[in-house]
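The values are calculated or read from the model by the stated rules, or taken from the named source; none is laboratory data. These numbers come from a predicted model, not from an experiment. Cβ coordinates were reconstructed from backbone atoms using ideal geometry, including for glycine residues, and neighbour counts include every protein chain displayed.
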């Protein structure tokens, strides 16, 4: 690491080496050579004067890229694609004359961008599935553990810890669906020529439209794609970048929601993210256990959610068949969205894998509020015993207010049950009321919803992708 120049924290602190390689120069230039080989093979198969001997020579030097030659050439010609065409030709004298035949720079540049994004999405998918797997295990483990639920961050009807985890998991499942749809719909640019009309290739094939169409299809298949986009300008539509980053921003938004909830739960001392033995929470307050991983998820997620504006504006401002004001922006906005989401998912996986649940604290908080939530059941039982529903409702309202004042103004325990038991209108004793304070009676179908959701919605996805599961996240700092 150089100490005297700016280094992206995405590389040094957050993104994995695997994702960094996908967006590396080496990945790009190796893909260029694969595309030149695919073009040569397709042209040979369709009858152009490209020989198998030339293709064999190209394949022989596919991976040993002579970077120094390319860099030296680029100093002279100021063109990265032609510099690499030249460098490849130096290694392949027999094939020199047919490298890049009929193509424009966007043939390698734009097709590579699509290929790189497709590879990035594969890694995102793998990490997303592993987070989903860990969340599913967590949800099942705590499917029946009652906990205080909140609306407006005010105590509401109880839920279970596992059911709450399913809310996080549901959002990731929606993101997974979007990611799969997008990945399945990605296409290559193909060999479209300078303005997308394929004029140069029509000239090469002496006006044979069928062969020009076949050329696109062959290149797509050789590069592992179903087909190419049917129409384009010189470049693929920048709307594609918008679609890709929108999916990444969706994942970021889901992760942000999860991180917010964990931070709030950690404040309540109910659930904590992992805290390592020698980790320091504060330089001043030695006792602190700050939720720094969740805070980092929120921070990186915010970056991706804002970054989505870059490809949107770039797509909207392209001129006719192409303009170059996309280039500098794409070089920043697309890779950094992938690198940031990669870091987010590593953090997400690390946090879920090490969540600490404090069941006694959860029970204490729930039991402090449960008498208020049980009042409807208490009232119904009293009506069955002969009471007047309207009178009982008014009594409970007043007693609840009195108990609330005792808690808020006097710092006392919630004594609502004692107040109700003392009123003969309710036909019950304190002992009977306390017996009714079983939290599981008030969680509805939370446990069953967890079982159904995991079993019917999540497990089929995990089973379909089981070869991708089992990874552990590495957190750099």
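A few points about this structure:
Conditions tested, residue by residue: (1) closer than 21 Å to residue 245 by Cα; (2) in a helix (DSSP H, G or I); (3) over 25 Å from the mean Cα position of the chain (by Cα); (4) touching a residue at least 40 places away in the same chain (Cβ under 8 Å).
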| residue | (1), (2), (3), (4) |
| --- | --- |
| 127 | yes, yes, no, yes |
| 131 | yes, yes, no, yes |
| 138 | no, yes, no, yes |
| 143 | no, no, no, yes |
| 147 | no, no, yes, yes |
| 170 | yes, yes, no, yes |
| 174 | yes, yes, no, yes |
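- Residue in the range 156-163 that is at pLDDT below 95 and either farther than 30 Å from residue 121 by Cβ or outside the structural domain of residue 116 (by TED's automatic domain parsing) (or both) present: yes
- Conditions (1) surrounded by 15 or more Cβ atoms within 10 Å (Cβ to Cβ); (2) within 46 Å of the chain's Cα centre (by Cα); (3) modelled with pLDDT of 90 or more; number of the one not met by residue 399: (2)
Matching residues to (1) in contact with a strand residue (DSSP E or B) (Cβ under 9 Å, 6 or more places away or on another chain); (2) closer than 29 Å to residue 169 by Cβ:
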{"residue": "65", "(1), (2)": "no, no"}
{"residue": "83", "(1), (2)": "no, no"}
{"residue": "93", "(1), (2)": "no, no"}
{"residue": "115", "(1), (2)": "yes, no"}
{"residue": "141", "(1), (2)": "yes, yes"}
{"residue": "154", "(1), (2)": "no, yes"}
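- Residue within the range 441-452 that is closer than 25 Å to residue 169 by Cβ and loosely packed, with under 12 Cβ neighbours inside 10 Å present: yes
- Of the residues making up the range 1-60, those that are within 22 Å of residue 219 (Cβ to Cβ), assigned to a loop (DSSP other than H, G, I, E, B) and touching a residue at least 60 places away in the same chain (Cβ under 8 Å) are 46, 47, 48.
- None of 89, 120 is touching a helix residue (DSSP H, G or I) at 6+ places or on another chain (Cβ under 6 Å) and outside the structural domain of residue 231 (by TED's automatic domain parsing) except 89.
- Qualifying residues in the range 12-29 (those that are in contact with a helix residue (DSSP H, G or I) (Cβ under 6 Å, 6 or more places away or on another chain) and over 28 Å from residue 105 (Cα atoms)) - the one surrounded by the fewest Cβ atoms within 10 Å (Cβ to Cβ): 16
- Residue in the range 224-232 that is assigned to a helix (DSSP H, G or I) and either crowded, with 18+ Cβ neighbours inside 10 Å or free of Cβ contacts under 8 Å to residues at least 60 places away in the same chain (or both) present: no
- Given (1) over 30 Å from residue 274 (Cα atoms); (2) surrounded by 13 or more Cβ atoms within 10 Å (Cβ to Cβ); (3) in contact (Cβ under 8 Å) with a residue 40 or more places away in the chain, index of the condition residue 386 fails: (2)
- One residue stands out in the range 205-223 among those that are in contact with a strand residue (DSSP E or B) (Cβ under 8 Å, 6 or more places away or on another chain) and touching a residue at least 60 places away in the same chain (Cβ under 8 Å): the one that is surrounded by the most Cβ atoms within 10 Å (Cβ to Cβ), namely 219.
- Identity of the residue in the range 188-202, touching a residue at least 60 places away in the same chain (Cβ under 8 Å) and within 19 Å of residue 49 (Cβ to Cβ), that ends up nearest to the chain's Cα centre (by Cα): 191
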